[in-house]
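One structure is given here, and the rest of the page talks about it.
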Amino acid sequence: MSREYKISGFADEIADDLATQIESLRKLDIHYVEMRGVDGNNLIYHTDEKIKEIRARLDDAGISLSAMGTPLGKIGIDEPFEKHFEEFKRAIEVAHMMGTRNLRMFSFYMPSSDADRRDYRDRVFERIGMFVDEAVAGDVVFLHENEKDIYGEKAPECLDLMKNFACDHFKAIFDFANFVQAGQDTLEAYEMLKDHIAYIHVKDARSGSGTVVPSGYGDGHVEEILKDLFDGGFDGYLSIEPHLFGFKGFASLERSNVTPLNESGEVVSGYEGFRIAHEALVKILDWTD
């Protein structure tokens, strides 16, 4: 890889405890983490004292946050919003404590998979608008992830959000596997959203089954899209989210998601799943050079 790439990832897919996460990232020579959880809780649910401890241990290991993997917006559009909005405010506090401006978020689950998103657009936009106003005031960046069954499941709705809210504090994550699982062609999605993409979630999937596979082994067109992104001057993070083993840590947040096995059909460890995903990405980045 002659270019410099900022590779990050969800280390809680390696292990729950911070020591193993740090050891594994250092073994793979990865200096960033998209931190979702440590010791069984998302960062936003830890005390200030615990946050300071986590930050100090990461600093000592030479690892920085590329983003916080928050669960914000990952509730049903019909569910109460007040407590969730307070969690959002807490997330901003924690982001500043952890030294990142980037927070991953979602645009709310629809009541059913066949719900007409137009019926919920106004309610989604009202809530996203509140999020963006707070993001501006708190000087953080909300990164919207396309996720199966939320309002922004497919590219047209993601573009709808971007056209209405895109700014220095609201940008797009592009997740290849999530689009494939939603039945969205990723090349079409990329053409629609490329001007708004600030962050990449690196995982691939196969059409039909939705099975997550290492990047380049599915139908996400990962190589083509990454090459075009970097040729166009993209300098954002590439965050590995393997999903290549029986991940349980935040399974309650994953609605209708396939939790697959690796290529051999055998369950792999957290580290092995992450290593496989990392190697697949490195091969692609070698090809794009």
Among (1) at pLDDT 95 or above; (2) within 20 Å of the chain's Cα centre (by Cα) - the single one residue 60 does not satisfy: (2)
Taking the conditions exactly as written (modelled with pLDDT of 95 or more, under 26 Å from residue 215 (Cα atoms) and in contact with a His (Cβ under 7 Å, 6 or more places away or on another chain)), does residue 197 satisfy them or not? no
Just checking, how many residues over region 111-128 are open to solvent by 60 Å² or more (accessible area, probe 1.4 Å) and either within 23 Å of residue 167 (Cβ to Cβ) or among the basic types (Lys, Arg) (or both)? 5
Between 182, 135, 166, 155, which is closer than 30 Å to residue 51 by Cβ and either open to solvent by less than 10 Å² (accessible area, probe 1.4 Å) or touching a helix residue (DSSP H, G or I) at 6+ places or on another chain (Cβ under 7 Å) (or both)? 135
Region 76-110, subset in contact with a strand residue (DSSP E or B) (Cβ under 6 Å, 6 or more places away or on another chain) and basic (Lys, Arg), residue surrounded by the fewest Cβ atoms within 10 Å (Cβ to Cβ): 101
Please work out if residue 6 is at negative phi, open to solvent by 10 Å² or more (accessible area, probe 1.4 Å) and within 16 Å of the chain's Cα centre (by Cα). yes
So, first residue over 17 Å from residue 109 (Cα atoms) in region 175-190, second residue among the aromatic types (Phe, Trp, Tyr) and open to solvent by less than 10 Å² (accessible area, probe 1.4 Å), Cβ within less than 6 Å, six or more apart or across chains; the pairs are 186/176; 186/179; 189/179
Would you tally the residues in region 83-122 being of a type in the set (Gly, Ala, Ser) and in contact with a His (Cβ under 7 Å, 6 or more places away or on another chain)? 1
Across region 29-45, the tally of residues that are surrounded by fewer than 18 Cβ atoms within 10 Å (Cβ to Cβ) and either modelled with pLDDT of 95 or more or under 15 Å from residue 277 (Cα atoms) (or both) stands at 2
Are there any pairs with C-beta distances below 6 angstrom linking a residue in region 1-24 that is within 21 Å of residue 53 (Cβ to Cβ) to a residue that is crowded, with 21+ Cβ neighbours inside 10 Å and basic (Lys, Arg), with the two at least 6 apart or on different chains, and if so which? 10/36; 12/36
Counted residues, region 188-247 - those being β-branched (Val, Ile, Thr), more than 15 Å from the chain's Cα centre (by Cα) and open to solvent by 10 Å² or more (accessible area, probe 1.4 Å): 1
What do you reckon, is residue 234 out of contact with any strand residue (DSSP E or B) (no Cβ under 8 Å at 6 or more places or on another chain), closer than 19 Å to residue 190 by Cβ and modelled with pLDDT of 90 or more? no
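The values are calculated or read from the model by the stated rules, or taken from the named source; none is laboratory data. Just so we're clear, the structure is a prediction, and the values are computed from it rather than from any experiment. Here the Cβ is made from the backbone with ideal geometry for all residues, glycine too, and neighbour counts use every protein chain on show. Remember, those area values only see protein heavy atoms, side chains included, never the ligands or the DNA or RNA. Shrake-Rupley method; radii C 1.70, N 1.55, O 1.52, S 1.80 Å.
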